[in-house]
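Comments concern the structure below.
Any read-out appearing in this document is the output of simple, stated calculations on the displayed coordinates, not a laboratory observation. The structure presented is a predicted model; accordingly, all values stated were derived computationally and were not measured. With ideal geometry, Cβ positions are generated from the backbone for all residues, glycine too; neighbour counts draw on all protein chains shown.
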Amino acid sequence: MGLRRLTFGDVSLLVATEPRFIKKMRDRGLWPFPPPPPPSTPSAKTLNVKDPVKSFASEEARVRYEKTAHLEWYHTIDLGHGIVTPGVFDHRPIMHHYPIPERLDGMRVLDVATYDGYWAFEFERRGAKEVVALDVECFDDLDLPPPVKAKMTKEQLAGKTGERFYLAKEFLGSKVQREICSVYDLSPERLGKFDMVHCGDLLLHLMNPAKALQNMCRVTSGFAMIIENYNETLPLNTAQYMGGQHECVWWQFSYGTLEQMIRDAGFSQVELLNKFKMGEKGGPAWMPHAAFRCTP
């Protein structure tokens, strides 16, 4: 899911989006953004099994891709063999905005709220000795408002979050370890400490972002990279409560609030390395982000 700004006349709304919602709005003529470009590889529905598509590197790659056709990917991940997942967000073209070290050789790294695993696999590619990908087990474990959960079926709540991660891990031959653990339960006693802790676009989705930051600080032995969305229109140290209006967004932070929350979590040094804007794949870059390097 992501955030989009919708404008109806003089009214502007910040909303959480998911593919099914976008389709409904676009079908009704209410979605102001153009659809993203088609994925670089065709969906399984368009494949001619008797005549493999030339864009695939091999028949094995075509068969593997068919496994992914039913999934709604959040991250765009190059799986090799000519396969690129059709994720909502593609970080590859904007990688230069993320001030993460080019090499992580010998480091133990934690990726908080890994989801499809894009960043965890990227850290492994950059030479990290060990990468732990943290995530909750199922959708019932997410910080969704109770009224939203009440509308979901038991099957939906029990839906596993790691299907895409494990598929990508298999394709990449990765050794990244996925750890089922809420950021609220993160502790040195449970997972030890890490040379680098990474957290991106998570805090706005949490009921208690301050607690999450405190726990991340506790497991950081080297430094943490915290890259988060903030609202340019909010003044000074303010935050806007969004929990009653959106399915998965609890807060909008001003830049000052975001920086102060990180400091209050126990990080003694908080250095702003970059500010940039990003958006969904194929759409405008309108979501302001701040990238911090933080040391305990």
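See the values below:
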quantity: His91 long-range amide H proximity, modeled H, under 5 Å; calculated: Thr76
quantity: Amide H within-cut-off set for Glu179, under 5 Å, with H built and near neighbours excluded; calculated: Ala133, Leu134, Asp135
quantity: Fully extended contour minus Cα-Cα distance, from Arg103 to Glu189, at 0.36 nm per residue; calculated: 28.2 nm
quantity: Gain upon complete extension [Gln269, His81; 0.36 nm per residue less C-alpha separation]; calculated: 63.4 nm
quantity: Distance in nm between pseudo-label sites at Lys67 and Glu163 (7 Å out along the Cβ direction from Cα); calculated: 1.4
quantity: Gyration tensor verdict on region 73-295 (Cα atoms; rounded if a/c is under 1.5, prolate if a/b is larger than b/c, oblate otherwise); calculated: rounded
quantity: Per-pair calculated FRET efficiency, R0 = 22 Å: Gln156 and Met207 via Cβ, rounded to 0.05; calculated: 0.65
quantity: Label point 7 Å beyond Cα of Asn237 along Cβ direction - residues of region 258-286 with amide nitrogen under 18 Å; calculated: 258-272
quantity: Mean projection area, nm², convex hull over Cα of region 53-140; calculated: 7.2
quantity: Over region 154-296, relative contact order from alpha-carbon pairs under 8 Å, at least 6 apart, %; calculated: 22
quantity: Cα-Cα over 29 Å, subset of Lys160/Lys211; Lys129/Lys149; Lys67/Lys281; Lys169/Lys193; Lys151/Lys211; Lys151/Lys277; calculated: Lys129/Lys149; Lys151/Lys277
quantity: Long-range HN-HN contacts of Asn231 with modeled amide H, under 5 Å; calculated: Phe253, Ser254, Tyr255
quantity: Order of Ile83, Ile226 under a 10 Å beta carbon neighbour criterion, fewest first; calculated: Ile83, Ile226
